[in-house]
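Working notes, structure below.
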Amino acid sequence: MEFPDTLRYTENHEWIRLEDDGRTATIGITDFAQHELGDIVYVELEPVGTVFEAGEVFGTVEAVKTVSELFMPVAGMLAAHNEDLEDAPHFVNEDPYGKGWMIRIEVADNANLGGLLDADAYAEKVSNVDG
């Protein structure tokens, strides 16, 4: 499994890529998460313009046998969806850090990035998961 060094990760298996000097960010689920879920058949996301605190649910991802909530890594406003996922949710399985991205946000001024994991810490966390 792959965990790029350029991303930060949550305990709930979301990744975040900060852009524009940390003012915007792209978010998705990790390679580990998509692997654990199996074949993803549907992604449902909250509306553009919704404001979230860190840890709030921004959508759900449905796989063949389960539905999982998606949690916001940092506070911010949802600025865009990956509209390609409407017709091609399998992009999350095929390319979770590229074509399978889920949302873009405007990062809140008070966003706390300190609670996010780097690639090494995330890799260690998932290596300790049974299964």
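What is the residue count in region 50-59 for residues that are modelled with pLDDT under 95 and either farther than 15 Å from L113 by Cβ or in contact with a Cys (Cβ under 8 Å, 6 or more places away or on another chain) (or both)? Residues meeting the conditions: 0.
Is it true that T26 is among the hydroxyl-bearing types (S, T, Y) and open to solvent by 30 Å² or more (accessible area, probe 1.4 Å)? For T26, the condition - among the hydroxyl-bearing types (S, T, Y) and open to solvent by 30 Å² or more (accessible area, probe 1.4 Å) - is not met. Of the set (1) within 16 Å of Y122 (Cβ to Cβ); (2) of a type outside the set (F, W, Y); (3) surrounded by fewer than 19 Cβ atoms within 10 Å (Cβ to Cβ), all apply to K99 but (1). Residues in region 16-43 that are out of contact with any Pro (no Cβ under 8 Å at 6 or more places or on another chain) and closer than 19 Å to V61 by Cα: T26, F32, H35, E36, L37, G38, D39. Just to be sure, is N93 surrounded by 15 or more Cβ atoms within 10 Å (Cβ to Cβ), among the polar types (S, T, N, Q) and under 20 Å from T6 (Cα atoms)? It is true that N93 is surrounded by 15 or more Cβ atoms within 10 Å (Cβ to Cβ), among the polar types (S, T, N, Q) and under 20 Å from T6 (Cα atoms).
Residues considered: E62, E19, E69. Of these, the only one that is open to solvent by 40 Å² or more (accessible area, probe 1.4 Å) and at pLDDT below 95 is E19.
All conditions but one from (1) in a loop (DSSP other than H, G, I, E, B); (2) open to solvent by less than 80 Å² (accessible area, probe 1.4 Å) apply to Q34; the one that does not is (1). Restricted to region 1-16, and to residues there that are part of a loop (DSSP other than H, G, I, E, B) and among the acidic types (D, E), the residue that is surrounded by the fewest Cβ atoms within 10 Å (Cβ to Cβ) is D5.
The values are calculated or read from the model by the stated rules, or taken from the named source; none is laboratory data. Just so it is clear, the structure is predicted and the values come from calculations on it, not from any experiment. Every residue, glycine among them, receives a Cβ derived from its backbone with ideal geometry; neighbour counts consider all protein chains shown. Please note that ligands, DNA and RNA were not included when accessible areas were found on the heavy atoms of the full protein model with its side chains. Shrake-Rupley method; radii C 1.70, N 1.55, O 1.52, S 1.80 Å.
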